[in-house]
Ligand code: PRP
Ligand code: URA
């Protein structure tokens, strides 16, 4: 599997264009983030193992399939990752949800951890870590480290938009974590924002600033 997996599905790419557009305001932005997350969830779970079962249909017995592997946990990185969580849960409503709070220091651009609450059986679950933006990679590297310190062994990272710098940093620190993204942009600016990007994801989701 290539790393990152770039999700080129036309619906994802179309919605990503709407997300990038500065004329898209919070209500639509929030809906689009969830819709893209739902479509990305479909791709990020494409290889989940199945086992054969039999069920009784109204017409007779059918050999059919159900998920057989680890149960899922979605872990959004606060704040912006929260925007993706409902979309994911729409596809996997039985998943548990953990939260990791991290913000980037505005001066140093380094991640600052402020919260972590995970399901007690996180070591038994396939963890899908959520953040719409992978910029320097500092937040994602930190979040994966926190997850591993608490026992998580199977982690996937889903990020709507990535910078090459972030992909390099996350892959170097945690080569076992596959990255799913909808686009890899050109570079970071002097404030470590993704160019051309979509701006500040948290501010656009929650209408702050
Ligand atoms: C944004 C984004 C990521 C992080 C990415 O969060 O949601 O968590 O920046 O940048 P990095 O790859 O350079 O670490 P931000 O710090 O703006 O916090 P917020 O979601 O609370 O607004
Ligand atoms: N965080 C964001 O929300 N946007 C960026 O471009 C970089 C980090």
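Points to keep in mind about this one:
- Residues satisfying the stated conditions in the stretch 53-86, i.e. touching a helix residue (DSSP H, G or I) at 6+ places or on another chain (Cβ under 8 Å) and within 18 Å of residue 122 (Cα to Cα): 70, 71, 73, 74, 75, 76, 77, 85
- Residue in the stretch 140-151 that is within 12 Å of ligand 2 (Cβ to nearest atom) and either under 17 Å from the mean Cα position of the chain (by Cα) or surrounded by fewer than 17 Cβ atoms within 10 Å (Cβ to Cβ) (or both) present: yes
- Residue match in the stretch 46-54 (condition: within 16 Å of ligand 1 (Cβ to nearest atom), more than 18 Å from the chain's Cα centre (by Cα), surrounded by fewer than 10 Cβ atoms within 10 Å (Cβ to Cβ) and on the phi < 0 side of the Ramachandran plot): no
- Among the residues listed as 93, 106, the single one being assigned to a loop (DSSP other than H, G, I, E, B), over 12 Å from the mean Cα position of the chain (by Cα) and within 20 Å of residue 33 (Cα to Cα): 93
- All positions within the stretch 29-48 that are more than 15 Å from residue 132 (Cβ to Cβ) and assigned to a helix (DSSP H, G or I): 42, 43
- Residues (away from ligand 1 (no atom under 13 Å from the Cβ) and in a loop (DSSP other than H, G, I, E, B)) located in the stretch 150-173: 150, 151, 152, 153
- Applying the criterion of being in contact with a helix residue (DSSP H, G or I) (Cβ under 7 Å, 6 or more places away or on another chain) and closer than 23 Å to residue 32 by Cα to the residues of the stretch 167-195, the residue that is farthest from ligand 2 (Cβ to nearest atom) is 180.
- Whichever residue in the stretch 5-23 is touching a helix residue (DSSP H, G or I) at 6+ places or on another chain (Cβ under 9 Å) and free of Cβ contacts under 8 Å to residues at least 40 places away in the same chain and, among such residues, is farthest from residue 74 (Cα to Cα): 18
- Of the residues 176, 200, the single one that is at pLDDT 95 or above, within 13 Å of ligand 1 (Cβ to nearest atom) and over 14 Å from the mean Cα position of the chain (by Cα) is 200.
The values are calculated or read from the model by the stated rules, or taken from the named source; none is laboratory data. The shown structure was predicted, so the numbers you read here are calculated from the model rather than taken from an experiment. All Cβ positions, even for glycine, are placed from backbone atoms using ideal geometry, and neighbour counts span all protein chains on display.
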